[in-house]
Amino acid sequence: MLRTINNNAKTIDKFLKNYFKKQGHSQLLTPMKYGVLFGGKKIRSTIIFNMSELFNLRKKDVINICGAVECIHSYSLIHDDLPCMDNDNLRRGKPASHIKFGESTAILSGNSLLTIAFEMITEKNYGIKLNKKILILNRLAEYVGHTGIAGGQFLDLSYEKKKVSISKVIEMQKKKTGKLFEFCCLAPAIISGANNKTIKEMRLIGQELGLLFQITDDLLDIKGNKKDTGKQVKKDKKRGKSTIVDLLGYNKTLEFTFKLKKMIIKRLRKYKKKDDKLIRTINFIIDRSF
């Protein structure tokens, strides 16, 4: 499975490199490429590829979506690492963008990755129907902004060193992490012309996948190491982060994680053999925490 994920990451890196080559000259391109290329497993793109197979799509049908998602994810990491946010100095096994280039450049390169994501989807050579592009863009804007990633990050910072209910923590994590996973599941369904029932189902699967990923990330912060994660560990407790692990404890969180995994797989079973690759990706996500 790791080989497949690494191959997918190389495919997306190649697409992004070629896309950046077509951009006009800008001194921000170097920090932009530093933030999105050469690191990270690009799990979200693998999920998009897995989902595209459920809907009989080709890689070229979703490659721009993958590129956009990775740019947005990297933008969020660049900003999360800033001293005014989570104040992390290491990301993907290398100095965080603000350490490498300075805070102002990190902010501007993150902003530029966010906006170029929308450019990738609207590109005239990306051959999906205009009405589908508009719907995808609308959902992406919703999921990235104040009701999605940005709003989730705001809550994450607001909840530090406070007693917060598990329902509020789950809602925060569904925004901060889950919304982009939701988009990864939703976009291929939209491109395929899936019906409203299937669209709704993909949204639920995406939300649960995002929550699963975030929980295993929180578990890794406790039991993982810097070499494997590519970032500092054991920092959530120091910062007083509100996490499910903090509320339930390590063992009960593991139980919660496996129940969540079972729920996701149950939703996928209707697709029969087409769901095999996605289930292997889900297992890979969970296995990171051991």
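Here, each number is a calculation from the coordinates, and none is a lab measurement. Note that this is a predicted model, so its numbers are computed, not measured. When we count neighbours, we look across all protein chains shown, and the Cβ atoms used for this are built from the backbone with ideal geometry, even at glycine.
Computed log10 I(q)/I(0) for region 1-128 at 0.14, 0.16, 0.20 Å⁻¹: -0.60, -0.78, -1.13, from the Debye equation with unit scatterers placed on every C-alpha and solvent omitted.
Longest segment of the chain with no GluC sites (Glu not before Pro) in a DSSP loop having at most 16 other Cβ atoms within 10 Å? The longest uninterrupted stretch comes out as 161-290. Within the chain, the whole DSSP H helices whose Cα atoms reach 15 Å or more along their own axis and whose mean Kyte-Doolittle score is at least 0.0 are 43-54, 59-80, 103-122, 130-144, 179-192, 276-287.
Taking R0 as 51 Å, what's the FRET efficiency between residue 154 and residue 23 from their Cβ-Cβ distance, rounded to 0.05? It comes out at approximately 0.95. Rounded to the nearest 0.05, the FRET efficiency derived from the C-beta distance between residue 3 and residue 38 at R0 = 25 Å is 0.85. Think of it as helices only: each DSSP H run of n ≥ 4 in the chain is worth -39500 (n - 2.57), and spread over all residues that comes to -22500 deg cm²/dmol at 222 nm. Between residue 129 and residue 166, the distance separating the two model label sites (each 7 Å from Cα on the Cα→Cβ line) works out to 4.4 nm.
Taking every alpha-carbon pair within the chain, the share separated by more than 28 Å comes to 33 percent. Cα centroid distance between region 208-222 and region 10-53, in Å? The two parts, judged by their Cα centres, are 23 Å apart.
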